[in-house]
Amino acid sequence: MSVKVGVNGYGTIGRRVADAILAQDDMSLTGVVKRSPDYIALYAAKQGINIYAPDSGSAEKFDRAGIKISGVLEDLLSKVDVIVDATPGGVGATYKPLYERYGVKQIYQGGEKPEVAEASFSTLCNYEESIGRKSLRVVSCNTTGLLRLICTLRRHFKVEKVRAVLIRRAADPREIKKGPINSINLNPVQLPSHHARDVNTVVPDVNIVTAAVVVPTTLMHVHQVTLVFKEPVRRDDVIAVLDDAPRIVLINSKRTGIKSTAQLIESARDVRRRNDIPELVVFEDSIGVEGNEVMLFQAVHQESIVVPENIDAIRALAGLARTADETIRKTDTSLGLYRRFWLER
Ligand code: NAD
């Protein structure tokens, strides 16, 4: 069975999700919705992807630019089973009544409020409970990074509480209106930050507190995470669990020389399209253990980390895979995710 999928909003996330759908054998990309006829629309056209405009006003702009389109959003909605909304935060909710009218299942992104969907979603935490739902919200890049770590460790150890400081990139590389900034912005000033609440939309029983600052970089986020367990843990056991987990890659700075997001991205430039790193990167030699406490640094590539979870969310809504393991195997093989640092064998 091939599930027909449309993508509304073809920017940083939408473009990557559309490409990822094209790499699957159990779903097909019916088309994408693009607002303006720019170089990104030309990229879609060059790949043979059907482009739709949000409405007839935008459709005229494509006509004037000489880019062929296949119709407007409502035409796309009449053809698909699932719509992935990747419009800017808050815009997705305004489309919800239209999606409902066409009876399509919906995936929203982390910029939307949790109430937009039946449930917030992160594969390693709640894939099985999400099967057959009508709508899901794939949580943000930061929350996805935190949840991959927490849900992996929770399978093996009793987690009592989590404390995390998020050092966030100011803008994505293509966002010329947002940065760079010469500042460290408290984001937000009031503590704790909202990121902990977002983690709790998926795993309500985790005691977590977060703080966040924004720094002048576009490459990646870095988190300093401290996990307190109910019992003392051994460093080797933590490393073994993370080493064995899907979607988490341990990087050893002594072996690789990598101590920064710049070097991480540089290493991905040699092996990955768009230098994407959809894996959560945990710096192996940052891992410190003091009795019940484990502390570490991890890095999150904001542009790509949520892409595998979007593909899994489509499988959950459409009932295409019965377990998290099954969808992870399919998604990670088709997208070429690594289990070890990509330049080491
Ligand atoms: P983006 O600005 O790169 O892309 C959004 C796209 O939607 C743009 O092409 C824009 O032209 C288009 N658009 C705007 N209004 C529209 C409308 N009314 N109808 C159709 N298309 C419209 O944004 P993004 O970074 O891809 O973010 C999309 C969502 O993903 C947000 O909820 C965001 O919070 C979330 N997210 C972003 C990141 C990230 O770091 N970029 C990471 C994880 C999640």
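The values are calculated or read from the model by the stated rules, or taken from the named source; none is laboratory data. Given the structure is predicted, the values throughout are model-derived calculations rather than measurements. Here the Cβ is made from the backbone with ideal geometry for all residues, glycine too, and neighbour counts use every protein chain on show. These area figures cover heavy atoms from the full protein model, side chains too; ligands, DNA and RNA do not enter into them. Shrake-Rupley method; radii C 1.70, N 1.55, O 1.52, S 1.80 Å.
Of the strands (runs of 3 or more DSSP E) lying entirely inside region 89-155, those containing at least 1 residues that are open to solvent by 50 Å² or more (accessible area, probe 1.4 Å) and more than 10 Å from the ligand (Cβ to nearest atom) span 105-108. Of the candidates Arg101, Arg15, the single residue that is modelled with pLDDT of 95 or more and within 23 Å of Asn275 (Cα to Cα) is Arg15. Would you pick out the residues in region 1-12 that are within 13 Å of the ligand (Cβ to nearest atom) and either among the hydroxyl-bearing types (Ser, Thr, Tyr) or in contact with a strand residue (DSSP E or B) (Cβ under 9 Å, 6 or more places away or on another chain) (or both)? Passing the criteria: Gly6, Val7, Asn8, Gly9, Tyr10, Thr12. Where residues in region 39-49 are in a helix (DSSP H, G or I) and free of Cβ contacts under 8 Å to residues at least 12 places away in the same chain, which of them is nearest to the chain's Cα centre (by Cα)? The residue in question is Tyr39.
Considered as a group, the residues in region 156-180 that are assigned to a loop (DSSP other than H, G, I, E, B) and away from the ligand (no atom under 16 Å from the Cβ) include one that is surrounded by the most Cβ atoms within 10 Å (Cβ to Cβ), and that residue is Phe157.
Of all residues in region 26-59, those satisfying the criterion of being closer than 25 Å to Leu320 by Cβ, among the small types (Gly, Ala, Ser) and open to solvent by 20 Å² or more (accessible area, probe 1.4 Å) are Ser28, Gly48.
When only residues in region 60-75 that are part of a helix (DSSP H, G or I) and surrounded by 15 or more Cβ atoms within 10 Å (Cβ to Cβ) count, which is nearest to the ligand (Cβ to nearest atom)?
Filtering first and then ranking leaves Leu73.
Can you tell which of Leu242, Leu264 is in contact (Cβ under 8 Å) with a residue 60 or more places away in the chain and either in a helix (DSSP H, G or I) or of a type in the set (Gly, Ala, Ser) (or both)? Being in contact (Cβ under 8 Å) with a residue 60 or more places away in the chain and either in a helix (DSSP H, G or I) or of a type in the set (Gly, Ala, Ser) (or both) holds for just one of Leu242, Leu264, which is Leu242. Considering Lys61, Lys96, Lys46, the condition of being of a type in the set (Lys, Arg) and within 22 Å of Ile311 (Cα to Cα) is satisfied by Lys96 alone.
Checking each residue in region 19-38 for being small (Gly, Ala, Ser) and either assigned to a strand (DSSP E or B) or away from the ligand (no atom under 11 Å from the Cβ) (or both) picks out Ala20, Ala23, Ser28, Gly31.
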